[in-house]
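Here the structure comes first, spelled out in structure tokens, and everything after it is commentary.
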Amino acid sequence: TRHMALVLLGLLGVMFTKSTTAQTYTPKSYYTFENSSTPLKDSTGFFNLDAAYFQSNYTVPATNLRGVGKYLQLDSTGHYIRAGSVMPDTALTIEFLFKPGYYFNETTDIIRRFDGAFQVQIGYPFLTFNTYTKNGSTGISDQLKVTLDGIGRKSYGYYIDGEWHHFVFKYSAKTGVKEIWVDGQCPAGFSKTTATGAFDNSASNNKETVLNSSSVYNKIIGGGLDEFAIYH
């Protein structure tokens, strides 16, 4: 199916980044939302998504939505959903399927760590991948922003066509390469090279990671998220 094909494209893309060292790269957390009794279950056993802590409402529709099985759906009553402490060293990849809803916010927070180490946003008309790393005592704050003012994957209309789209946000602080892949491609302008360093996982930092937002202006409303994977 198209659903499985997109997921395999993403997994192959992630594994390709490790091919030079002959290593496989499996997700630290992987959420499929297919478990009937525990829909927010982490398939890897690392951290089940926690919607209760911030009292977030959510649904996991049982019916297919254009070729996808069960998926996570949020509305205006949603809130932060805890995803545990995510502590990458020098490599981070965030992969998911996303279908914007009718009430798609101008800036929609997909995932972020509270201390600002990383954040993924999709909005009107842009994709953003923010990171904060350190090289020694020097902080490196960086934003890869793709303005959706072109054609194809660089067009805002590409993403609001009522279909699911597959996203991979990849960053290597070791090499400085940051990329956004959409439906198996990383077009021109969807990547950059930053200063090198490492993520700051100091004890004083808030490493709690959340999906969604507490702000009505940044919430995921309608549509859906599926096959959500975090690699680090």
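Couplings for the range 151-165, taken from phi via the Karplus curve 6.51 cos²θ - 1.76 cosθ + 1.60 with θ = phi - 60°, read 10, x, 5, 9, 10, 4, x, 4, 8, 10, 8, x, 10, 7, 10 Hz in order; Gly and Pro are left as x.
For the range 131-142, backbone phi angles converted through the Karplus equation (6.51, -1.76, 1.60; θ = phi - 60°) give residue-by-residue couplings of 9, 9, 10, 9, 10, x, 9, 8, x, 10, 9, 9 Hz, Gly and Pro being listed as x.
Using the Cβ-Cβ distance between residue 195 and residue 87 with R0 = 22 Å, the FRET efficiency computed as 1/(1 + (r/R0)^6) comes to roughly 0.60. What does the net charge come to around residue 205 if you take all other residues with beta carbon closer than 9 Å to its beta carbon, with K and R at +1 and D and E at -1? Taking every Cβ under 9 Å from that of residue 205, the sum is 0. Adding -39500 (n - 2.57) for every DSSP H run of four residues or longer, then dividing by how many residues the chain holds, sets the calculated 222 nm ellipticity at -2500 deg cm²/dmol. In order along the range 83-92, phi translates into HN-Hα couplings of 10, x, 8, 9, 10, x, 8, 10, 9, 8 Hz, rounded to whole numbers, per the Karplus curve 6.51 cos²θ - 1.76 cosθ + 1.60 with θ = phi - 60° and x for Gly and Pro.
Taking amide hydrogens as placed 1.01 Å from N in the peptide plane, the amide H of residue 28 sits under 5 Å from those of 230, 231, 232, each at least 5 positions away in sequence or on another chain. For residue 107, the residues whose modelled amide H falls within less than 5 Å of its own, excluding neighbours fewer than 5 places apart on the same chain, are 124. Dipole magnitude for the chain: computed about the Cα centre from +1 point charges on Lys and Arg Cβ and -1 point charges on Asp and Glu Cβ, it is near 340 debye.
The simple Förster model, with R0 at 30 Å and r as the Cβ-Cβ distance, assigns residue 217 and residue 57 a FRET efficiency of 0.95.
Annotation: per residue accessible area for the range 115-189 equals 41 Å², rounded to a whole number [probe 1.4 Å, protein chains only].
Restricting the calculation to Cα atoms, every distinct pair contributes to the Kirkwood radius of the range 151-221, found to be 15.1 Å.
The Rg/Rh ratio of the chain, with both radii computed over alpha carbons and Rh defined as the Kirkwood radius, is 0.93. The per residue volume of the convex hull around the alpha-carbon atoms of the range 131-182 is 82 Å³.
Between residue 75 and residue 163, the contour length at 0.36 nm per residue exceeds the alpha carbon distance by 29.9 nm. Can you work out the FRET efficiency for the pair residue 203 and residue 138, with r the C-beta to C-beta distance and R0 = 25 Å, to the nearest 0.05? Computed FRET efficiency for residue 203 and residue 138 comes out at 0.80.
List the aspartates and glutamates whose alpha-carbon lies under 18 Å from that of residue 134, not counting same-chain residues fewer than 8 positions away? Within the straight-line limit of under 18 Å, residue 134 reaches these aspartates and glutamates: 89, 115, 142, 200. Ranked by the mean number of other Cβ atoms within 10 Å of their residues, highest first, the peptides 121-131, 28-38 come out as 121-131, 28-38.
The values are calculated or read from the model by the stated rules, or taken from the named source; none is laboratory data. These numbers come from a predicted model, not from an experiment. Virtual Cβ from ideal backbone geometry, glycine too; neighbours counted across all protein chains shown. To get the accessible areas, we keep the full protein, side chains included, count just its heavy atoms, and leave off ligands, DNA and RNA. Shrake-Rupley method; radii C 1.70, N 1.55, O 1.52, S 1.80 Å.
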